[in-house]
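This report concerns only the one structure given below.
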Amino acid sequence: MTDLTIRVNGRPLRVPTGLTVAAALAMADVPAFRRSVHGQPRSALCGMGICAECRVTIDGLAHQRSCVVLCREAMEVVTDD
Amino acid sequence: MTDPCASERDGDLVVLGGGPAGLAAAATAAEDGLRVLLLDSTPWLGGPIWRPGPGATPPRVAQRWLARADSAGVTIWPQATAFAACPPDVLHVERGRDVCRVRWKQMILAVGAHELFLPFPGWTLPNVMGAGGLQLLVKSGWPVRGRRVVVAGTGPLLLAVAAYLVRQGAHVSDILEQASWSALAQFASRLAWLAPSKLWQAATLQTRLLRTRYRPGCWPVAAHGADRLDAVTFTDGTRRWTRDCDVLACAFGLVPQLRWPGLLHCRLTPRGVWVDDYQRTSCDRVWAAGEITGLGGVDLALVEGQIAGHAAAGNNLAAARWFARRARLQRFAAQLDRCFQLRTELRFLPTPETVVCRCEDVTWRAIEACSDVRAAKLYTRCGMGSCQGRICQTALQFLQNWSADHVRPPAAPVRVGSLAGADQEHADAERTELP
Ligand SMILES: Cc1cc2nc3c(=O)[nH]c(=O)nc-3n(C[C@H](O)[C@H](O)[C@H](O)COP(=O)(O)OP(=O)(O)OC[C@H]3O[C@@H](n4cnc5c(N)ncnc54)[C@H](O)[C@@H]3O)c2cc1C
Ligand code: FES
C-alpha cells in the first residue's frame with residue numbers, strides 16, 4: 001500500500017491508500033466530526049452512508065459523508081471543531 | 001451542474017444494490033441471456049458483509065460471484081446511487097458528480113438492510129456506534145488496536161463483530177446479549193438440526209473470545225463522557241455495572257431498507273417487501289431479493305438473488321430448483337428472529353432529555369407528546385434531517401409502534417444539485433399525464 005497526504009483542518013496527514021476519510025479522521029484522533037444543531041459533538045455511527053453523522057467538508061464541498069468517501073491525494077478535509 | 005439528461009443508458013434489467021443478493025441476481029440473469037446493469041452506491045461491491053479490510057482481498061465466495069458477473073457481461077457501476085424513479089421506466093442515478101437517466105425494462109431491488117439504532121442516554125456521544133458500522137469502519141482503516149470495546153445488543157452479529165475486533169487487536173471486555181440464557185439455550189437446541197455448519201461457526205467464534213465476558217440477559221442503559229465516550233453502564237434488570245471503555249458497539253438488529261420499495265409503491269409485509277415464489281413484487285416488472293424481503297442472512301440473500309435473476313430472465317424452471325433451499329433458510333431465519341426478539345425494557349431506555357432524532361436534536365420528551373410520525377415531523381422536525389428519518393423512524397417503530405411515513409424522493413441521500421434535475425422531470429411527467 002502506498003501512502004498519500006491529505007490535510008485535516010489545515011494539518012497534513014499521511015494515510016495509506018484505500019482509507020475512507022472517516023478512518024483518516026479517527027487516525028488523526030479528531031473526536032467530533034461535526035456539531036449537531038444544538039452544538040453537541042458527533043462522529044460516525046453507521047459506517048455505511050445512512051446516518052449522516054460523519055458529515056465533514058471535503059475540498060470545499062460541505063456535508064460530505066466521510067464514511068463513504070475514499071481519501072485522495074491533497075484532499076482538504078475540514079471538521080466542525 | 002452537469003446536464004441531468006446528458007448520459008442515458010438502457011438495459012434489459014437494472015439491479016439496484018451490489019450486495020450478495022444483487023450480485024447473484026445480476027450474474028444469474030446475465031447468464032440467462034439478459035443485458036444487465038448493476039448499480040451500487042458505494043465504491044465497494046459485495047455489500048457490508050463482503051467488504052474487504054484495508055489491503056485485503058474480498059472473501060473467496062465474493063470473488064466467485066464477481067467473476068461470474070464479470071464473465072456473464074454484467075455492466076457494473078460502483079458509486080452509483082439510484083435516488084428517484086420517473087414513471088414508467090426512468091431511474092435517476094447519481095454517479096460521482098454526474099446524474100444519469102437509466103431506462104429499465106425490468107428491475108430487481110436488492111438494496112439490503114441497515115442497522116437498527118436504539119436511543120439511550122449518551123448514545124449520541126462520539127465512539128458509540130453500530131457494531132456492524134464499526135466493523136465497516138475498521139475495514140476502511142478506522143484504528144481499534146488497543147482500544148477497550150464493549151459490544152452490546154443482540155443476535156449472531158454481536159459475536160461476529162466481537163471476534164473480528166479481537167482479531168484486529170481491540171480489547172473486547174464484555175459482550176452484552178439482551179436475550180436471556182433460556183432463549184439462547186432453546187435456540188441452540190434447535191440450531192443443531194437446522195444448520196450444523198452454523199453451530200460450528202458459532203463455536204469457533206466463541207473460542208476467539210476467551211478473554212471476553214459473554215453476558216446474556218444484559219443491556220446498556222447509559223453511555224458517559226464529555227466530548228467522547230469514556231464509560232458505559234449496563235444492567236441485567238436488577239443490578240447495574242459501569243465499565244470504562246473507549247468504544248461502545250451496538251447491534252440491536254437490522255431493518256430492511258424500504259425507501260425504494262416505498263417509492264415504487266410495492267406492497268409491504270411486517271417483514272419487508274412482499275414477494276411471490278419467484279421473488280416478484282406487487283409492482284409490474286419489479287423483483288426483490290435479499291434482506292429487503294425479510295432478514296435472513298447472506299445464504300438466503302444469495303438464493304433469493306438467483307431465483308430473482310432466473311425469474312426476471314423468464315427461466316422459471318431454474319428458479320424453482322432453489323425453492324426448497326430457500327424454505328430451509330427461511331425457517332432458520334424465523335428461529336433466529338424468535339430467539340433474539342428485543343425485550344420491552346429497551347423501550348424504556350430514553351429519558352425525557354435523550355435526543356432521539358439526531359439530525360434535528362429532537363428529544364424524547366418532544367416526541368412522546370406526538371401521536372404519530374406525521375405529527376412528530378410537523379411539530380418537532382423529527383425525521384426531517386439529513387438521514388431522512390432512517391435512524392429515528394426505525395427506532396420509533398420499535399419504541400412507539402409507529403408505522404413509517406410514506407416515502408418521497410430522494411430514496412437515497414444525494415446532492416441537492418442532483419435532485420433539481422429529477423424533480424423537474426418528475427413535474428414534467430406529471431403535467432403531461434393531466435387531461
Ligand atoms: C453494517 C452491516 C454489517 C453486517 N455485517 C455482517 C457480518 O459481519 N456477518 C454477517 O453474516 N452478516 C452481516 N451483515 C448482514 C449481511 O449484510 C446480510 O445478511 C446480507 O449480506 C444481505 O445481503 P443483501 O444483498 O440483501 O444486502 P446488502 O449486502 O446490504 O447489499 C445492499 C447493497 O445495496 C446498495 N444500495 C443501497 N441503496 C442503494 C441505492 N439507492 N442505489 C444503489 N445501491 C444501493 C448498498 O450499498 C449495498 O451494497 C451486516 C449487515 C450490515 C448492515
Ligand atoms: S457514519 Fe453514518 S453516514 Fe457515515
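Worth a mention:
- Any hit, segment B:234-245, residues being closer than 26 Å to A:F33 by Cβ, open to solvent by 10 Å² or more (accessible area, probe 1.4 Å) and modelled with pLDDT of 95 or more: yes
- Looking across B:P43, B:P52, B:P58, one residue alone is open to solvent by less than 40 Å² (accessible area, probe 1.4 Å) and without any contact (Cβ under 8 Å) to a residue 24 or more places away in the chain. It is B:P58.
- Considering segment A:51-69, and only residues there that are closer than 19 Å to B:D361 by Cβ and open to solvent by less than 10 Å² (accessible area, probe 1.4 Å), the residue that is farthest from the other protein chains (Cβ to nearest Cβ) turns out to be A:V56.
- For segment B:51-84, taking the residues that are more than 22 Å from A:L19 (Cα to Cα) and in contact with a helix residue (DSSP H, G or I) (Cβ under 6 Å, 6 or more places away or on another chain), the one that is nearest to ligand 2 (Cβ to nearest atom) is identified as B:A84.
- Of all residues making up segment B:267-278, the number that are under 22 Å from B:P413 (Cβ atoms) and at pLDDT below 95: 2
- Single unsatisfied condition, B:L300 versus (1) more than 9 Å from ligand 1 (Cβ to nearest atom); (2) modelled with pLDDT of 95 or more: (1)
- Residues of segment A:44-81 that turn out to be more than 10 Å from ligand 2 (Cβ to nearest atom), in contact (Cβ under 8 Å) with a residue 40 or more places away in the chain and aliphatic (A, V, I, L, M), as a count: 5
- The test for being more than 14 Å from every other protein chain (Cβ to nearest Cβ) and at pLDDT 90 or above does not hold for B:L45.
- Single match in B:G296, B:G309 (criterion: of a type outside the set (V, I, T) and under 20 Å from B:Q106 (Cβ atoms)): B:G309
- Hey, A:V15 more than 16 Å from ligand 1 (Cβ to nearest atom), in contact with a Ser or Thr (Cβ under 9 Å, 6 or more places away or on another chain), closer than 30 Å to B:V255 by Cα and open to solvent by less than 30 Å² (accessible area, probe 1.4 Å) or not: no
- Residue list for segment A:42-81, restricted to those being outside any loop (DSSP other than H, G, I, E, B) and either closer than 24 Å to B:V161 by Cβ or touching a helix residue (DSSP H, G or I) at 6+ places or on another chain (Cβ under 9 Å) (or both): A:R42, A:R55, A:V56, A:I58, A:Q64, A:R65, A:S66, A:C67, A:V68, A:L70, A:V77
- For segment B:171-197, the tally of residues that are outside any loop (DSSP other than H, G, I, E, B) and modelled with pLDDT of 60 or more stands at 18.
- In the set (1) part of a helix (DSSP H, G or I); (2) under 30 Å from B:F234 (Cα atoms), the condition left unmet by B:V61 is number (2).
- When segment B:69-94 is filtered for residues that are among the charged types (D, E, K, R) and free of Cβ contacts under 8 Å to residues at least 24 places away in the same chain, the ones remaining, listed by number, are B:D70, B:D89.
- If you go through segment B:136-167 and keep only what is open to solvent by 20 Å² or more (accessible area, probe 1.4 Å), touching a residue at least 60 places away in the same chain (Cβ under 8 Å) and either within 14 Å of chain A (Cβ to nearest Cβ) or assigned to a strand (DSSP E or B) (or both), you end up with B:K139, B:R147, B:R148, B:L157.
- When A:P41 is tested against (1) within 7 Å of chain B (Cβ to nearest Cβ); (2) farther than 16 Å from B:T42 by Cα; (3) open to solvent by 30 Å² or more (accessible area, probe 1.4 Å); (4) in contact (Cβ under 8 Å) with a residue 24 or more places away in the chain, exactly one condition is not met: (3).
- With respect to the conditions (1) within 13 Å of ligand 1 (Cβ to nearest atom); (2) open to solvent by less than 10 Å² (accessible area, probe 1.4 Å), B:I175 falls short on a single one, namely (1).
- Restricting attention to segment B:91-133, the residues that are assigned to a loop (DSSP other than H, G, I, E, B), within 16 Å of A:G49 (Cα to Cα) and within 10 Å of chain A (Cβ to nearest Cβ) add up to 2.
- Residue count for segment A:21-38 under the criterion of being modelled with pLDDT under 95 and buried (at least 24 other Cβ atoms within 10 Å of the Cβ): the result is 0.
- With a requirement of 1 or more residues that are over 30 Å from B:F187 (Cα atoms) and open to solvent by 50 Å² or more (accessible area, probe 1.4 Å), the helices (runs of 4 or more DSSP H) lying completely within segment B:290-402 that satisfy it span B:316-320, B:364-368, B:373-380.
- For the residues B:G33, B:G96, B:G19, B:G55, the requirement of being at pLDDT 90 or above, at positive phi and either more than 11 Å from ligand 1 (Cβ to nearest atom) or within 25 Å of the chain's Cα centre (by Cα) (or both) singles out B:G33.
The values are calculated or read from the model by the stated rules, or taken from the named source; none is laboratory data. Here the structure is a predicted model, which is why all the values come from computation and not from measurement. Glycine gets a Cβ as well: all are built from the backbone with ideal geometry, and neighbour counts include every protein chain shown. For the accessible areas, the whole protein counts, side chains as well, though only heavy atoms, and no ligand, DNA or RNA atoms are used. Shrake-Rupley method; radii C 1.70, N 1.55, O 1.52, S 1.80 Å.
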